[in-house]
Amino acid sequence: MASTETTPVKDAGSVEAGLDALETSATSRPSLRRTLVDKVLPPVSAVIVVLLVWQGLITLGIADDPTKLPSPSAVWHAVRNDWLQGKLLDYIWTSVSRGLLGFFFALLIGTPLGLVVARVRFVRAAIGPILSGLQSLPSVAWVPPALIWLGLNNKMMYAVILLGAVPSIANGLVSGVDQVPPLFLRAGRTMGATGLKGVWHITLPAALPGYVAGLKQGWAFSWRSLMAAEIIATFPDLGVGLGQLLENARTASDMAMVFEAILLILFVGIAIDLLIFSPLERWVLRSRGLLVKS
């Protein structure tokens, strides 16, 4: 009898040890070689393929008009000249500072708005469809009324960013709150987490996956909105951002500069996603045990 009673304890210990081993292997950091192969090599290979196809179109004479499709070297020279003249970082910083500040204001507005819409039935019925409609409205549509209301200044830029980003942030949070299991809310109320305390300790942490997705989409909309505003509303006192650089290049019919502006806009969008939103998304998934590593 004694031996039969101790066997389950031993088995339980073995199972626990096995689970600990699985957890350890899942959270171990990948090697540098694995990171280079899995994370760095694929995008670098894609860029190389695009550059080869781009250069091939010019070399084979398929696209032999430089006023329509410049060579990669011509675009590189345009980027290099702006860098040597000290203009490149100014272009980037003008747009990035506007975009991040406008997104911060959109975050301050969209988060409480999303909570109210998610929790108050009358408010959801009243403005929920409006938020969804605003999210599908092209950002460029807000530039003309913003110009008329606020004039040609930075306030107009921030207004366009807010109108583009707030609906996405609010809808993302609403979607996240809708996916919170009711058991979590009941358990929170049982332990005294009601009102703002329940929102802070129960609702927001449980709604993080949908909220982060809304933030990511909100940044994409705010960046697009800003580029549209900079392209349409060009004025020397506003400084030259990436959108105005693109419009200046179009006016001068300088296709190398046009591609320079497009690539810089793409580069900034990818960099912000990789530096801010991708780590945040991985942290949320890892905290819930959803980050699967092969």
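If you go through segment 134-168 and keep only what is of a type in the set (S, T, N, Q) and in contact (Cβ under 8 Å) with a residue 24 or more places away in the chain, you end up with Gln135, Ser139, Asn153, Asn154, Ser168.
Being of a type outside the set (S, T, N, Q) and not in a helix (DSSP H, G or I) is the filter; apply it to segment 217-276 and report the residue that is nearest to Ser132 (Cα to Cα). Once the filter is applied, the top-ranked residue is Ala233. Of all the helices (runs of 4 or more DSSP H) wholly in segment 98-209, which have at least 1 residues that are in contact with a Gly (Cβ under 6 Å, 6 or more places away or on another chain) and among the polar types (S, T, N, Q)? Per the criteria, 154-178.
Of the residues Pro209, Pro205, Pro181, the single one that is surrounded by fewer than 19 Cβ atoms within 10 Å (Cβ to Cβ), within 18 Å of the chain's Cα centre (by Cα), assigned by TED's automatic domain parsing to the domain that holds Val268 and not polar (S, T, N, Q) is Pro209. Can you find even one residue in segment 184-200 that is buried (at least 20 other Cβ atoms within 10 Å of the Cβ) and either polar (S, T, N, Q) or over 22 Å from Ser136 (Cα atoms) (or both)? Among the residues of segment 184-200, not one is buried (at least 20 other Cβ atoms within 10 Å of the Cβ) and either polar (S, T, N, Q) or over 22 Å from Ser136 (Cα atoms) (or both), which makes the answer no. For Leu115, the conditions (1) closer than 30 Å to Gly243 by Cα; (2) more than 20 Å from the chain's Cα centre (by Cα) all hold with the exception of (1). Scanning segment 98-110 finds no residues that are crowded, with 16+ Cβ neighbours inside 10 Å, among the β-branched types (Val, Ile, Thr) and assigned by TED's automatic domain parsing to the domain that holds Val177.
Scanning segment 76-87 for residues that are assigned to a helix (DSSP H, G or I) and either in the same structural domain as Val49 (by TED's automatic domain parsing) or free of Cβ contacts under 8 Å to residues at least 40 places away in the same chain (or both) yields a total of 5.
The values are calculated or read from the model by the stated rules, or taken from the named source; none is laboratory data. No experiment lies behind these values; they were computed from the predicted model shown. Positions of Cβ are backbone-derived with ideal geometry, glycine not excepted, and every protein chain shown enters the neighbour counts.
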